[in-house]
1. If you check 235, 262, which single one turns out to be in the same structural domain as residue 157 (by TED's automatic domain parsing), over 20 Å from residue 189 (Cβ atoms) and without any contact (Cβ under 8 Å) to a residue 60 or more places away in the chain?
2. Do we find that residue 135 is modelled with pLDDT under 85 and surrounded by 14 or more Cβ atoms within 10 Å (Cβ to Cβ) in this structure?
3. Kindly list the number of the only condition in (1) touching a helix residue (DSSP H, G or I) at 6+ places or on another chain (Cβ under 7 Å); (2) not in a loop (DSSP other than H, G, I, E, B) that fails for residue 264.
4. Counting only residues that are in contact (Cβ under 8 Å) with a residue 24 or more places away in the chain, within 50 Å of the chain's Cα centre (by Cα) and either under 19 Å from residue 527 (Cα atoms) or not assigned by TED's automatic domain parsing to the domain that holds residue 516 (or both), how many does segment 591-610 have?
5. Within segment 66-88, is even one residue touching a strand residue (DSSP E or B) at 6+ places or on another chain (Cβ under 8 Å), over 14 Å from residue 131 (Cβ atoms), assigned by TED's automatic domain parsing to the domain that holds residue 128 and in a loop (DSSP other than H, G, I, E, B)?
6. If a residue must be part of a helix (DSSP H, G or I) and either under 29 Å from the mean Cα position of the chain (by Cα) or outside the structural domain of residue 308 (by TED's automatic domain parsing) (or both), how many such residues does segment 327-339 contain?
7. Among the residues of segment 235-242, is any at pLDDT 80 or above, surrounded by fewer than 17 Cβ atoms within 10 Å (Cβ to Cβ), closer than 26 Å to residue 370 by Cβ and in contact with a strand residue (DSSP E or B) (Cβ under 9 Å, 6 or more places away or on another chain)?
């Protein structure tokens, strides 16, 4: 017991002692007097005993360390406290400790420890500990500081009175930066006005999803529940809110919405119909093309679509539902591709389709199928029309080939008889008539030969021969053939052959000669002055097994207008009626050249300038001997 000195005759001291004794016994704060060496309890007030759940007798003579929580049980702390208070008599040590009550519960306590000294010698006598229960405060602190939610209290008009310390982690702000300000000051501008209106209509509890500004300036999405606290008169006194950061969830939802929107845009952009069916054959989704092709409008397609389609076999007989490729794909999960069938629209009309079916799997479990179909009705009609046109063209080519072949026989007879007559004695008028017959007959025979060649190529009956030949010999032959005609028109006909050109190549000599004759013949026909040059060179391919023979015929003739170049290689095409009347021809020569060159897997082209001549060149792949 702490001795209390009472001085008789001093009423003020007696009053002080009574007052201090009353405070000590009735204080709502636990007070304990502790000896210095081992920390033993010397005196404990009733509230201290109440806090620990022990009687005063159960605590006397025991160390306070015996009741300290194990993690806080450090004997050195006691000596450290004594050392610090001895060094500084005016010092007051404050610390939080955990104690174990008699019933085993934990007591969070805030301690204020001071030292009592001898008033005469100033020697340390005891430690006095003031203990306050802060269990509820500590629990609240732990909950609020470690909670991932944002807890706040505000007045009915939105003025923040309390904000949990979790705002540091969530919003990057200290509680004091938020308290005293209106909560709408931190809302996104698009949300603030709406929340101001809502706070005027209080309900007991509501949940809102709003954006709140982070200290760095960006906004976070919060799902916040509001609970009103009313006073005794039923008026709203405070509003408690608990907000959870759902930014990631909102971003995911926005991403999903974006993907869904993009998917819809893509599905609605394609021209094929796309239908998704679940495991029962019910429509999951259908794109705009599918809706349109099946004859629906904007209404929801929720009918039994498989039955409506009435899928039929190629012979027109109807499938049973389970036998159709679509029905089978739903049941067995096996994809079907490039299936041709007939689908039926909502109004009962039918159309030809080409479609494929693919199963939909979710974690290896089939959830349904996707049907992608394309209306091929027009394509089938086009194919049929094309086949009909090809048959007609084939018949035309065969007719021309037969007729030109049959006409050549009497034409050769006419030419033969006319040449026999020309060898007899004729007068000048008779000689002129026979020359006209022979010249016209040869011109007609050339036309028949061109039509026959063209018809053979069109009918696919032109056969190439691959034999060794000398390109020098072909060019010499063609030059000799047109030499007289060139002299008659006062033209210089020459050739230029690459010295590295091999003497022998493998290809179709006759068709190569025919192309060259046609090009040189045209050059002489359409050149009135100047020259015609034949150039030949060979480009060796890297594999050394095939080479490209390039031959060009260069003239200084009338040239060709740029806008007419595309007509040159078309069948029966003429550049101008005046040119046709002046120079003659069927318009088949260059068309035949093009087809022969392409038949030999080559290419032909022209470069020309009106009034300054033309260059016709072709390139053909040939094998070396």
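The values are calculated or read from the model by the stated rules, or taken from the named source; none is laboratory data. Predicted model, so just to flag it, every value in this text is computed and none were measured. Reconstructed Cβ throughout: ideal geometry from the backbone, glycine too, with neighbour counts over all protein chains shown.
1. Numbers: 262 fails: in the same structural domain as residue 157 (by TED's automatic domain parsing).
Only one candidate passes the filter, namely 235.
2. Working: modelled with pLDDT under 85: yes; surrounded by 14 or more Cβ atoms within 10 Å (Cβ to Cβ): yes.
Here the answer is yes, as residue 135 does meet what is asked.
3. The number of the failed condition is (1).
4. The total comes to 3.
5. no
6. Kept after step one, since they are part of a helix (DSSP H, G or I), are these residues of segment 327-339: 327-332.
Of the ones still in play, those that are also either under 29 Å from the mean Cα position of the chain (by Cα) or outside the structural domain of residue 308 (by TED's automatic domain parsing) (or both) are 329-330.
Final tally of qualifying residues: 2.
7. No, because not a single residue in segment 235-242 is at pLDDT 80 or above, surrounded by fewer than 17 Cβ atoms within 10 Å (Cβ to Cβ), closer than 26 Å to residue 370 by Cβ and in contact with a strand residue (DSSP E or B) (Cβ under 9 Å, 6 or more places away or on another chain).
Residue-by-condition table, conditions (1) in contact with a helix residue (DSSP H, G or I) (Cβ under 9 Å, 6 or more places away or on another chain); (2) surrounded by 13 or more Cβ atoms within 10 Å (Cβ to Cβ); (3) free of Cβ contacts under 8 Å to residues at least 60 places away in the same chain:
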{"site": "26", "(1), (2), (3)": "yes, no, yes"}
{"site": "32", "(1), (2), (3)": "yes, yes, no"}
{"site": "46", "(1), (2), (3)": "yes, yes, yes"}
{"site": "56", "(1), (2), (3)": "yes, yes, yes"}
{"site": "64", "(1), (2), (3)": "yes, yes, no"}
{"site": "67", "(1), (2), (3)": "yes, yes, yes"}
{"site": "82", "(1), (2), (3)": "no, yes, yes"}
{"site": "97", "(1), (2), (3)": "yes, yes, yes"}
